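Single-structure report; data block below.
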Ligand code: G4P
């Protein structure tokens with residue numbers, strides 16, 4: 001997505017060879033018109049997939065998931081990060097460990113908001129090692145709902161997330177695919 005790649009080039013900061021900071025338009029301050037365009041791009045790609053709900057992982061996935069859900073005309077569900085086990089039979093839960101942040105949390109979804117009739121599109125801001133996305137898949141499968149695909153705003157293609165998801169037969173649609181990062185350098189997949 002050219003608009004997004006241009007924004008990453010001008011306002012993104014490659015902190016090192018692994019981390020891209022996008023605090024000024026995605027992770028801390030949010031650019032609403034960019035988020036609307038992102039949501040519309042996801043919706044256009046997945047519009048014929050029979051999606052009944054858009055799911056995201058709190059917190060930075062919420063903005064793009066909301067604009068996508070709004071464009072598709074379906075509800076958005078937020079998969080919550082709980083710090084510890086809450087024993088409750090009405091909740092689906094799974095533990096996710098982030099290699100990027102070195103932390104674990106319990107991804108949680110109330111059974112009230114998902115059923116076996118749902119066909120779910122997962123949206124998230126970053127795809128790195130794919131642990132968060134894989135946790136989201138596990139949770140949606142626990143609810144016996146089906147998965148339409150995964151939409152990612154920024155994929156770090158030099159990390160194994162995409163392969164991990166594709167090997168499970170999941171469609172991954174990423175709006176910006178980063179081939180290489182280094183201090184002062186951001187290279188996209190479609191560039192030579
Ligand atoms: P993982 O496979 O190592 O778990 O990586 P994952 O993609 O799940 O990312 C873990 C967290 O680190 C996510 O945030 C993700 O957005 C963030 N992250 C990964 N790589 C980058 C990067 O290059 N730049 C930035 N800015 N963030 C990155 P989170 O913990 O879910 O936080 P949030 O959604 O509340 O912001």
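Can you find a residue in the stretch 101-108 that is in a loop (DSSP other than H, G, I, E, B), loosely packed, with under 14 Cβ neighbours inside 10 Å, within 11 Å of the ligand (Cβ to nearest atom) and without any contact (Cβ under 8 Å) to a residue 60 or more places away in the chain? Talk me through it step by step, then tell me what you get.
Residues of the stretch 101-108 that are in a loop (DSSP other than H, G, I, E, B), as a first pass: 101-102.
From what is left, the residues that are loosely packed, with under 14 Cβ neighbours inside 10 Å are 101-102.
Next cut, within 11 Å of the ligand (Cβ to nearest atom) only: 101-102.
In the following step, the residues that additionally are without any contact (Cβ under 8 Å) to a residue 60 or more places away in the chain were identified as 101-102.
So far as the stretch 101-108 goes, yes, one or more of its residues are in a loop (DSSP other than H, G, I, E, B), loosely packed, with under 14 Cβ neighbours inside 10 Å, within 11 Å of the ligand (Cβ to nearest atom) and without any contact (Cβ under 8 Å) to a residue 60 or more places away in the chain.
Would you be able to tell me the number of residues in the stretch 25-60 that are assigned to a helix (DSSP H, G or I) and without any contact (Cβ under 8 Å) to a residue 40 or more places away in the chain?
So the first thing to find is which residues in the stretch 25-60 are assigned to a helix (DSSP H, G or I), and the list is 25-27, 32-46.
Next cut, without any contact (Cβ under 8 Å) to a residue 40 or more places away in the chain only: 25, 32-37, 39-40, 43-44.
Residues meeting the conditions: 11.
Scanning the stretch 122-132 finds one or more residues that are closer than 15 Å to residue 151 by Cα, more than 11 Å from the ligand (Cβ to nearest atom), modelled with pLDDT of 95 or more and not in a loop (DSSP other than H, G, I, E, B).
Can you pull out every residue in the stretch 114-131 that is out of contact with any helix residue (DSSP H, G or I) (no Cβ under 7 Å at 6 or more places or on another chain) and without any contact (Cβ under 8 Å) to a residue 60 or more places away in the chain? Answer for the stretch 114-131, where residues must be out of contact with any helix residue (DSSP H, G or I) (no Cβ under 7 Å at 6 or more places or on another chain) and without any contact (Cβ under 8 Å) to a residue 60 or more places away in the chain: 115, 116, 131.
Inspect all residues belonging to the stretch 11-23 and state whether any of them is assigned to a helix (DSSP H, G or I) and within 14 Å of the ligand (Cβ to nearest atom). So that I can check it myself, show each step before the final result.
At the first step, the residues of the stretch 11-23 found to be assigned to a helix (DSSP H, G or I) are 11, 23.
Imposing the further condition that a residue be within 14 Å of the ligand (Cβ to nearest atom) reduces the set to 11, 23.
Within the stretch 11-23, one or more residues are assigned to a helix (DSSP H, G or I) and within 14 Å of the ligand (Cβ to nearest atom).
The values are calculated or read from the model by the stated rules, or taken from the named source; none is laboratory data. The structure displayed is predicted, hence computed values, not measured ones. Every residue, glycine as well, gets a Cβ built from its backbone with ideal geometry; the counts of neighbours run over all protein chains shown.
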